[in-house]
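Engineer: Mind looking over this structure? Questions follow.
The values are calculated or read from the model by the stated rules, or taken from the named source; none is laboratory data. Not measured: the values here are computed from a predicted model. Neighbour counts run over all protein chains shown; Cβ positions are idealised from the backbone, glycine included. Heads up: the accessible areas ignore ligands, DNA and RNA and are worked out on the full protein's heavy atoms, side chains in. Shrake-Rupley method; radii C 1.70, N 1.55, O 1.52, S 1.80 Å.
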Amino acid sequence: MRLTIQTDYALRMLMFLAIQGEGRSSIREISTAYGISENHLMKITQRLAAAGYIDALRGRNGGLRLGREAASIRVGEVVREVEPDFALVECFGASNQCPITPACVLKRALDEARKAFLAVLDQYTVASLVAQPRRLRTALAIST
């Protein structure tokens, strides 16, 4: 299974904000730290803010911070929110044309694997991803 770049960036953004604590950060700061596009981050910011994961405040004293405690944000929950779908193969989709669908066990096996994948991600929170903030700050060149 492969996650989209949006999910990758969403998780990285949440991690960045978690190590920043109550302080606000800009999209530019996050973009610079990770070396990724501000435009991509703006789209992701809107989605995460709408879902309540981040608090986005515009204006001079604005910026981004987590909208919930990092310990309450499960990684699997974020992945489900950001990923467009989990149609691993054609038969998961509405326009399934696979001729072996009625006799195939593959769909069940892949569905079990998908559920197991998400169950593992549900065991992690954003707080657990940033359990070593000093190392992350160093890696991202963030001063305290």
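Engineer: Quick one: Ala141 ticks every box in (1) modelled with pLDDT of 90 or more; (2) on the phi > 0 side of the Ramachandran plot bar one, so which box is it?
Structural biologist: (1)
Let's see how each residue does on (1) among the hydroxyl-bearing types (Ser, Thr, Tyr); (2) more than 28 Å from Phe117 (Cα to Cα); (3) in contact with a helix residue (DSSP H, G or I) (Cβ under 7 Å, 6 or more places away or on another chain):
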| site | (1), (2), (3) |
| --- | --- |
| Arg2 | no, no, no |
| Tyr9 | yes, no, yes |
| Phe16 | no, no, yes |
| Gly23 | no, yes, no |
| Ile27 | no, yes, yes |
| Thr32 | yes, yes, no |
| Ala51 | no, no, yes |
| Ala56 | no, yes, yes |
| Arg60 | no, yes, no |
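Engineer: Kindly indicate the residue of the stretch 61-85 that is in contact (Cβ under 8 Å) with a residue 60 or more places away in the chain and open to solvent by less than 50 Å² (accessible area, probe 1.4 Å) and also nearest to Arg47 (Cα to Cα) among those meeting that condition.
Structural biologist: Out of the qualifying residues, it is Val82.
Engineer: For residues that are closer than 28 Å to Thr32 by Cβ and aromatic (Phe, Trp, Tyr), tally how many sit in the stretch 93-144. Before you say what the answer is, go through the steps one by one.
Structural biologist: First, the residues of the stretch 93-144 that are closer than 28 Å to Thr32 by Cβ: 121, 124-144.
Among the residues that remain, those that are also aromatic (Phe, Trp, Tyr) are: 124.
Residues meeting the conditions: 1.
Engineer: I've got another one for you. Taking the stated definitions as given, is Ala50 of a type in the set (Gly, Ala, Ser) and surrounded by 11 or more Cβ atoms within 10 Å (Cβ to Cβ)? Can you show your working first?
Structural biologist: Values: of a type in the set (Gly, Ala, Ser): yes; surrounded by 11 or more Cβ atoms within 10 Å (Cβ to Cβ): yes.
So Ala50 passes the test.
Engineer: On to the next question. Quick check on my filter: what residues within the stretch 17-53 are farther than 21 Å from Ala141 by Cα and among the hydroxyl-bearing types (Ser, Thr, Tyr)?
Structural biologist: Answer for the stretch 17-53, where residues must be farther than 21 Å from Ala141 by Cα and among the hydroxyl-bearing types (Ser, Thr, Tyr): Thr45, Tyr53.
Engineer: Could you identify the single residue in Gln97, Gln132, Gln123 that is loosely packed, with under 13 Cβ neighbours inside 10 Å and within 20 Å of Tyr53 (Cβ to Cβ)? Before you say what the answer is, go through the steps one by one.
Structural biologist: On the way: Gln97 fails: within 20 Å of Tyr53 (Cβ to Cβ); Gln132 fails: within 20 Å of Tyr53 (Cβ to Cβ).
None of the other options fit; the residue is Gln123.
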